[in-house]
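J.: Below you will find the structure I want to go over with you.
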Amino acid sequence: MFDVQQTKAGAHNRRVRMAEVNTTAKGKKLAHPSARAPRIFADTATYSEIEPLYKAGIINGVTTNPSLMKKAGAKNWDQVKEISQSICKLLDPNPVSLELTELTFDKMLEQAEMLASWADNVVVKVPIGGYQAVDPSFDPYTGLKVVRALWERDIKTNCTLIFNSTQAFWAANAGATYISPFLGRLADYAYKNDEVEKAPGNSLYYIDDHKNEKGDQNVFNTEFVASGGKRKDIGSRLINEISAMFTNYDIHTEILAASFRNFTQVSECLLAGADILTVPAPILEKVADHPLTDEGMVRFVEDSKVFDNEPAMA
Ligand code: E4P
């Protein structure tokens with residue numbers, strides 16, 4: 001069960017060990033007060049969504065995937081390249097994840113080299129698994145082999161489609177710079193498919209093997225939805241498990257929490273020990289909003305009207 005009180009020490013230890021991301025500006029005395037704050041990335045390939053968020057200092061990275069590229073209007077690889085390079089140029093030197101679409105080791109390496117040649121701040125996104133789901137003859141370890149090979153070539157990777165903490169471990173062990181646990185899809189899954197709440201047991205995983213009406217065991221196997229307990233925070237608890245594991249073993253692979261659906265998940269992830277949150281633009285566009293902020297602001301502006309028009313600047 002995700003418990004904020006229990007997360008404090010672990011998350012603090014992890015932050016202390018991680019690199020500074022908000023460095024103090026050159027020649028300035030005022031040190032940045034949140035040098036090791038979690039970073040926020042925009043989870044979109046749409047330039048018009050990214051630019052205002054970047055210019056407002058809200059994001060310092062971008063993640064994309066083939067679905068987001070398609071949504072941004074890319075219809076061929078020339079357009080994928082054009083979109084990617086424009087985002088990379090805007091964000092430079094901050095990281096921009098571009099996902100591989102090839103499915104076999106040699107082709108993935110070749111494609112990774114191509115993506116990495118597009119800009120210095122490209123991070124190659126590698127699906128951890130699912131290769132045999134696409135074609136049973138494929139090698140199930142392809143993703144992990146590619147992550148390791150790219151690490152050996154000094155190419156940064158973001159190992160994606162992570163749904164449990166052991167996948168996160170294997171990806172980190174292979175040399176991934178970032179891992180992307182999809183907490184929103186986990187929460188969606190749990191809401192839609194999981195059984196009623198179970199008391200948390202002494203195992204991180206329930207290994208139920210009940211089947212759905214089509215006899216599909218994997219779809220309903222709660223092994224794939226991390227730990228039991230309250231369903232609403234299932235994704236955040238995954239982030240917390242990974243954070244604890246990575247802190248215990250001083251693993252510096254960054255936990256890039258992904259697939260957000262709402263602000264609650266953002267708050268929970270910040271408490272759970274995520275290093276980076278990649279959030280869709282419609283959620284990020286509302287970061288400064290709250291109905292009581294609106295109400296308070298209207299009142300302050302109204303009350304300030306009784307003062308002189310010319311503020312004393314001296
Ligand atoms: C980011 O890296 C992922 O590709 C993305 O967050 C997936 O989000 P979705 O579950 O909304 O598709």
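J.: Ordering 26, 71, 156, 81 by how much accessible area each has at a 1.4 Å probe, largest first, what is the list? Each step should come with its number before you reach the end.
T.: Values: 26 200, 71 165, 156 110, 81 80 Å².
Ranked list, largest accessible area first: 26, 71, 156, 81.
J.: Now, a different point. Can you pick out the pairs among 55/75; 81/125; 125/156; 125/286; 89/145 whose Cα atoms lie more than 19 Å from each other?
T.: 55/75; 125/286; 89/145
J.: Just check the stretch 1-99 against the gyration tensor rule for me: Cα atoms, a ≥ b ≥ c as the square roots of the eigenvalues, rounded for a/c under 1.5, and otherwise prolate or oblate depending on whether a/b exceeds b/c.
T.: In terms of gyration-tensor shape, oblate.
J.: Amide H of residue 254: which non-local residues (sequence gap of 5 or more, or other chain) have their own amide H closer than 5 Å, using H built in the peptide plane?
T.: 178, 179
J.: On the full set of protein chains, 1.4 Å probe, figure out the accessible area of residue 245 and give it in Å² to the nearest 10.
T.: 40 Å²
J.: I've got another one for you. Go through the stretch 96-113 residue by residue and turn each phi into a ³J(HN,Hα) via Karplus (6.51, -1.76, 1.60, θ = phi - 60°); whole Hz please, and just put x for glycine and proline.
T.: Whole-Hz 3J(HN,Hα) from phi for the stretch 96-113: 10, 8, 10, 8, 5, 10, 6, 10, 10, 3, 4, 5, 5, 5, 4, 5, 4, 4.
J.: Collect residues whose amide H, placed 1.01 Å from N in the peptide plane, falls under 5 Å from the amide H of residue 61; neighbours closer than 5 in sequence don't count.
T.: Result for residue 61 returns 42.
J.: Let me ask you something else. Any idea how far apart residue 137 and residue 81 come out in nm if each label point goes 7 Å out from Cα toward Cβ?
T.: Distance between the two pseudo-spin positions: 3.0 nm.
J.: Could you pull out every residue, at least 5 positions away or on a different chain, whose amide H is within less than 5 Å of the one on residue 156? Hs are placed 1.01 Å off N in the peptide plane, and Pro or chain starts have none.
T.: Placed amide hydrogens put 124 under 5 Å from residue 156.
J.: Oh, and also: Rounded, prolate or oblate: which fits the stretch 71-125 when a ≥ b ≥ c are the square roots of the eigenvalues of the alpha-carbon gyration tensor, with rounded for a/c under 1.5 and prolate only if a/b beats b/c?
T.: Judged from the Cα gyration tensor, the stretch 71-125 comes out oblate (a/c at least 1.5, b/c at or above a/b).
The values are calculated or read from the model by the stated rules, or taken from the named source; none is laboratory data. From a predicted model like this one, the values you see are computed outputs, not experimental measurements. Don't worry about glycine lacking a Cβ; one is built from the backbone with ideal geometry, like all the others, and counts go over all protein chains shown. Quick note on the areas: whole protein, heavy atoms, side chains included, nothing else; ligands and nucleic acids left out. Shrake-Rupley method; radii C 1.70, N 1.55, O 1.52, S 1.80 Å.
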